[in-house]
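What follows is a set of notes on a single structure, which appears directly below.
The values are calculated or read from the model by the stated rules, or taken from the named source; none is laboratory data. Computed from a predicted structure; not experimentally measured. A quick note on method: Cβ atoms are made from the backbone with ideal geometry, for glycine too, and the neighbour counts reach across all protein chains shown. To get the accessible areas, we keep the full protein, side chains included, count just its heavy atoms, and leave off ligands, DNA and RNA. Shrake-Rupley method; radii C 1.70, N 1.55, O 1.52, S 1.80 Å.
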Amino acid sequence: AISTIPVLEKTLEKNIQKLSDLNDLVFGNSSKSPEEKSKYFVNKVKQLIETIGLSRTAKDYLKDDDFKKLSSEIFSHVYNYKFRALDDHIVKFSKDEISTIINIIVGIIS
């Protein structure tokens with residue numbers, strides 16, 4: 001769950017139309033622009049995740065000392081395992097973009 005919002009936000013930067021289409025499927029077609037619909041979709045998903053209490057980072061679950069020790073291991077695990085599914089994602093991310101997403105998930109950047 002903690003990867004959903006960073007991935008959607010990066011997707012929003014790269015492919016507004018796909019998220020606009022998802023918005024139409026989930027919330028119905030509207031007269032809003034594709035950009036407005038895609039932002040609305042991401043915001044609604046973000047609200048849902050926050051409402052059910054899943055809007056956290058890996059850092060939220062660890063003490064500072066443990067986080068410092070494990071952050072590189074977490075980064076490696078997330079990159080090598082979690083992001084295999086991005087091969088089927090609606091946009092292709094560069095290694096730098098994936099690194100940014102992982103840093104958000106791990107809690108290194110916001």
All conditions in (1) surrounded by 12 or more Cβ atoms within 10 Å (Cβ to Cβ); (2) out of contact with any helix residue (DSSP H, G or I) (no Cβ under 9 Å at 6 or more places or on another chain); (3) assigned to a helix (DSSP H, G or I); (4) at pLDDT 70 or above are true of R56 except (3)
Report every pair of residues separated by at least 6 positions or lying on different chains whose Cβ atoms are under 7 Å apart, first residue within region 43-61 and closer than 15 Å to E9 by Cα and in contact (Cβ under 8 Å) with a residue 24 or more places away in the chain, second open to solvent by less than 80 Å² (accessible area, probe 1.4 Å) and part of a loop (DSSP other than H, G, I, E, B). I49/A1; I49/S55
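Can you name the residue in region 1-36 that is hydroxyl-bearing (S, T, Y) and under 15 Å from the mean Cα position of the chain (by Cα) and, of all such residues, is surrounded by the most Cβ atoms within 10 Å (Cβ to Cβ)?
The residue in question is T11.
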Filter pass, K39 being part of a helix (DSSP H, G or I), modelled with pLDDT under 90 and either open to solvent by 40 Å² or more (accessible area, probe 1.4 Å) or of a type outside the set (S, T, Y) (or both): no
Quick one: which residue in D65, D21 is part of a helix (DSSP H, G or I), over 17 Å from T4 (Cα atoms) and modelled with pLDDT of 75 or more? D21
Test result for E97, open to solvent by 50 Å² or more (accessible area, probe 1.4 Å) and either at pLDDT 75 or above or not in a helix (DSSP H, G or I) (or both): no
